[in-house]
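The values are calculated or read from the model by the stated rules, or taken from the named source; none is laboratory data. Every value quoted in this text rests on a predicted model; they were computed, and no experiment measured them. Backbone-built Cβ (ideal geometry, glycine too); neighbour counts: all protein chains shown.
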Amino acid sequence: MDINGFLKKTREDLHRIPEKALREFKTAEYIRGFLDRNRIEYTAVGTSTVALFRGGPRWLAFRADIDGLPVAEETGRAFASEHRGMMHACGHDGHTANLLLLARRLRERTAAGRRLKRSVMLIFQAAEEGEGGARAVARHRVFSSKKLDGVFALHLAPGMEEGAAGSAAGPVSYQNCDLDIEITGRGCHGAQAFRGIDVILVGAKLVEAYQSIVSRNLKPEDVAVLSIGSFHAGGARNIIPETAKLAGTIRVTDKELLKLIRARLEAINRGFETAYGVRIKMRFRPFYPAIVNSAELYGVFLRSARKAGAKIYENARLSGSEDFSFYLQKGAKGLYFLLGSKNARKGLVHPLHSPRFDFDPAALETGNGIFWEILREMGAF
């Protein structure tokens, strides 16, 4: 099999048809068409597709995300997105091509009469980008009924050179939490500020006060970020508005920190209500849990990466959040790793979510090799 040719064609096919989370209809059709042609069993979960290779009673699972982003592509490639305003700017086309290659290799092996000692599940998962599509798959019987010994995933990393891979034991991503604040005061004319309660002034001081939580209430070894990214109030220069709305995000590696942060936010809000006479409503919504890699499976990853010839970066972690964590909430062990795609000689240096993000499909060969060696290490054959 021409692995490079397969990866190149499949990636380009998928790159042309990026789709929004939960609306990956063409992508799902492409994946299921491939599985049908190769007579591979699968279960549909919305626009997610779970391929099944049955062997022994214990299971191993591998995940790829399939959705695109609302980004207008600027790569200039011949295989650029055909869907206006949409792009595979996060490498999900590559992740999916990689998992389809793994499906093909497994099919060739089983078709030759070589039975798997462990069953293998390949998850082509919808809606990673902000919609938490992993949660629906994790709750579905096709996943939840299995005796799983490991769940694995990779993600392209343009900050790491092609041919490298990195991960860590323990937390490798952040728990994220959405924060929405609405402040209600009393509107008035800007020239008569004494008649009102200025929510813009209160909001500005509130943002400043929130920053003291990380700097003054958490221990130095705690990892947390609290950022306010949106502040909307008023529409005229000479009117003090009645309401202000703030929106932000909180990121932690230990979900227990969220309890402390929430308590401090509530205490600060109450204090401001008393001090300024405003009303403050807060919406605090934890979403993606942190990914916590199994120490045992991290050892499997290190051995597999070495056998696959990858340059290894230890203690490599995500700077954001990822819904892969939903697969690990009921006791399943997992391992998530980063796969280098940076190639300065070819100009492949742009970050994820950039309209110019691109990679050489050759980078996926390392990832597929690691997946294959993980199957060996875990006793699938």
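A few comments on the model shown:
- Test result for Ala193, aliphatic (A, V, I, L, M) and not in a helix (DSSP H, G or I): no
- Condition met for Phe324 (touching a residue at least 60 places away in the same chain (Cβ under 8 Å), assigned to a helix (DSSP H, G or I), assigned by TED's automatic domain parsing to the domain that holds Ser227 and not aliphatic (A, V, I, L, M)): no
- Pick from the range 106-120, criterion assigned to a loop (DSSP other than H, G, I, E, B) and of a type in the set (Gly, Ala, Ser), ranking: farthest from Phe34 (Cα to Cα): Gly113
- Residue in the range 159-168 that is surrounded by fewer than 16 Cβ atoms within 10 Å (Cβ to Cβ) and touching a Pro at 6+ places or on another chain (Cβ under 8 Å) present: yes
- Checked against the criteria, Leu102 counts as assigned to a helix (DSSP H, G or I), touching a residue at least 24 places away in the same chain (Cβ under 8 Å) and either of a type in the set (A, V, I, L, M, F, W, C) or farther than 16 Å from Leu364 by Cβ (or both).
- The sole residue among Gly369, Gly334, Gly340, Gly309 that is in the same structural domain as Glu129 (by TED's automatic domain parsing), farther than 24 Å from Ala247 by Cβ, surrounded by fewer than 15 Cβ atoms within 10 Å (Cβ to Cβ) and at pLDDT 95 or above is Gly309.
- Residue in the range 106-119 that is within 21 Å of Arg23 (Cβ to Cβ) and in the same structural domain as Lys26 (by TED's automatic domain parsing) present: no
- Subset of the range 198-233 that is among the basic types (Lys, Arg) and within 15 Å of Ile261 (Cα to Cα) - its residue that is nearest to the chain's Cα centre (by Cα): Lys219
- In the range 283-302, the residues that are surrounded by 15 or more Cβ atoms within 10 Å (Cβ to Cβ) and outside any loop (DSSP other than H, G, I, E, B): Phe284, Val292, Asn293, Leu297, Tyr298, Val300, Phe301, Leu302
- Of the residues making up the range 5-17, at least one is exposed (fewer than 15 other Cβ atoms within 10 Å of the Cβ), within 30 Å of Lys346 (Cβ to Cβ) and at pLDDT 95 or above.
- One residue stands out in the range 43-89 among those that are small (Gly, Ala, Ser) and under 16 Å from the mean Cα position of the chain (by Cα): the one that is nearest to Leu7 (Cα to Cα), namely Ala64.
- Tabulated pairs, the range 1-26, first among the small types (Gly, Ala, Ser), second in a helix (DSSP H, G or I), C-beta under 9 angstrom, 6+ apart or interchain: Ala21/Gly133
Per-residue answers, yes or no, for (1) touching a His at 6+ places or on another chain (Cβ under 7 Å); (2) of a type in the set (D, E, K, R); (3) without any contact (Cβ under 8 Å) to a residue 40 or more places away in the chain:
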residue	(1), (2), (3)
Gln211	no, no, yes
Lys219	no, yes, yes
Arg237	no, yes, no
Pro241	no, no, no
Ile250	no, no, no
Leu258	no, no, no
Arg262	no, yes, yes
Glu266	no, yes, yes
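- Subset of the range 125-176 (residues that are at pLDDT below 95 and either of a type in the set (A, V, I, L, M, F, W, C) or in contact with a helix residue (DSSP H, G or I) (Cβ under 6 Å, 6 or more places away or on another chain) (or both)): Gly132
- Unique match (being among the aliphatic types (A, V, I, L, M) and surrounded by 22 or more Cβ atoms within 10 Å (Cβ to Cβ)) among Ile31, Ile40: Ile31
- Looking only at residues of the range 197-243 that are in a loop (DSSP other than H, G, I, E, B) and touching a Gly at 6+ places or on another chain (Cβ under 6 Å), we find that the one that is surrounded by the fewest Cβ atoms within 10 Å (Cβ to Cβ) is Asn238.
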